[in-house]
1. Scan the stretch 123-141 and report the pairs whose first residue is more than 17 Å from residue 68 (Cβ to Cβ) and whose second residue is aliphatic (A, V, I, L, M) and part of a loop (DSSP other than H, G, I, E, B), with Cβ atoms within less than 8 Å and a gap of 6+ or a chain change.
2. Only residues that are farther than 18 Å from residue 167 by Cβ and open to solvent by less than 60 Å² (accessible area, probe 1.4 Å): list them for the stretch 86-108, please.
3. Taking residue 78 as the residue in question, decide whether it is in contact (Cβ under 8 Å) with a residue 24 or more places away in the chain and surrounded by 10 or more Cβ atoms within 10 Å (Cβ to Cβ).
4. Can you name the condition, by its number, that residue 136 falls short on among (1) surrounded by 11 or more Cβ atoms within 10 Å (Cβ to Cβ); (2) within 13 Å of ligand 2 (Cβ to nearest atom); (3) under 25 Å from residue 55 (Cβ atoms)?
5. Can you name every residue in the stretch 107-142 that is of a type outside the set (Val, Ile, Thr) and in a helix (DSSP H, G or I)?
6. Somewhere in the stretch 99-106, is a residue within 17 Å of residue 63 (Cα to Cα), touching a residue at least 60 places away in the same chain (Cβ under 8 Å) and not in a helix (DSSP H, G or I)?
7. Being under 22 Å from residue 142 (Cα atoms) and within 16 Å of ligand 2 (Cβ to nearest atom): is that true of residue 66 here?
8. Can you tell me which residues in the stretch 19-45 are open to solvent by less than 100 Å² (accessible area, probe 1.4 Å), in a loop (DSSP other than H, G, I, E, B) and out of contact with any Asp or Glu (no Cβ under 7 Å at 6 or more places or on another chain)?
Amino acid sequence: MKMMNLFVVGGLLVSFAFGAKSISEDEIGLRRTPLQSEDKTKLQDFKYGDKAPGESQVFERAYENAPPMIPHDVEGLTDFTQDSNMCLDCHSPEVAADVGATPVPKSHTYDLRHQQAVQDGVADSRWNCTQCHAPQADLKPAVQNNFKPIYRSKESKKSSNLLDVINEGVQ
Ligand code: HEC
Ligand code: HEC
């Protein structure tokens, strides 16, 4: 607590010494627009990839066993209902090879909570694909991401095996 007070007093002295200017609300944050009103705040122009499935190039995984990002257009494909999931029309293991799509991995056809394989299709927790897999837009990030992943094998840059390694470090 004493240390803390010293810092506060020190900070005040420094501000007085250098005649600290107040900062307007437009200068706070990365958007450089007033905090109180968003009327004039414009989003950066961005466009999601519009290549049809089958014509796009897959991305390298962001890190080992990261959910792969979606390289193709998802327009019209994300209206998930209880009975319909268009992603699985191409990504379910039975059809994926025929359409040149990556099949969902073993982790998606396994019910982790009850620790058993699901009988049919994917586990309920995997139904809403875009909860974890996101399409990508080409834009200039306001803050550069300097994260550098380390992969333990060449394969893990483009494929995943979470279910095989899920207990690593646990057991
Ligand atoms: C008409 C078939 C089709 C549909 C529908 C489809 N995909 Fe794909 N998807 C593909 C193909 C083919 C690829 C491989 C890249 C390519 O050829 O465009 C792919 C690639 C991907 C990848 C990258 C896989 C990797 O190994 O990096 C992800 C993630 C993905 N799709 C998720 C989805 C999701 C989520 C949906 C639903 C919103 C969806 N896809 C709907 C065919 C499809
Ligand atoms: C709760 C988050 C989550 C949901 C929901 C989810 N995924 Fe994944 N997905 C992941 C993660 C994490 C990985 C990579 C690790 C793993 O599971 O092997 C992955 C991997 C994949 C891969 C790559 C497989 C490989 O062998 O490299 C495909 C394709 C995929 N998911 C498609 C889908 C589709 C289609 C759906 C919807 C039916 C879906 N995912 C739902 C998190 C999710």
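The values are calculated or read from the model by the stated rules, or taken from the named source; none is laboratory data. Predicted, not measured: the structure shown is a model, and the values here were computed from it. All Cβ positions, even for glycine, are placed from backbone atoms using ideal geometry, and neighbour counts span all protein chains on display. Only protein heavy atoms, including side chains, enter the accessible area calculation; ligands, DNA and RNA are left aside. Shrake-Rupley method; radii C 1.70, N 1.55, O 1.52, S 1.80 Å.
1. What qualifies is 123/112; 125/112.
2. Of the stretch 86-108, the ones farther than 18 Å from residue 167 by Cβ are 86-104.
Passing the criteria: 87, 88, 90, 91, 92, 95, 96, 101, 104.
3. On the way: in contact (Cβ under 8 Å) with a residue 24 or more places away in the chain: yes; surrounded by 10 or more Cβ atoms within 10 Å (Cβ to Cβ): yes.
Judged against the criteria, residue 78 is a match.
4. (2)
5. Of the residues in the stretch 107-142, the ones of a type outside the set (Val, Ile, Thr) are 107-108, 110-117, 119-121, 123-129, 131-142.
Matches in the stretch 107-142: 107, 108, 124, 125, 126, 129, 131.
6. Taking the stretch 99-106 and keeping what is within 17 Å of residue 63 (Cα to Cα), we get 105.
Remaining after also requiring touching a residue at least 60 places away in the same chain (Cβ under 8 Å): none.
There is no residue in the stretch 99-106 that is within 17 Å of residue 63 (Cα to Cα), touching a residue at least 60 places away in the same chain (Cβ under 8 Å) and not in a helix (DSSP H, G or I).
7. On the way: under 22 Å from residue 142 (Cα atoms): no; within 16 Å of ligand 2 (Cβ to nearest atom): yes.
For residue 66, the condition - under 22 Å from residue 142 (Cα atoms) and within 16 Å of ligand 2 (Cβ to nearest atom) - is not met.
8. Matches in the stretch 19-45: 19, 20, 24, 28, 29, 37, 41, 44.
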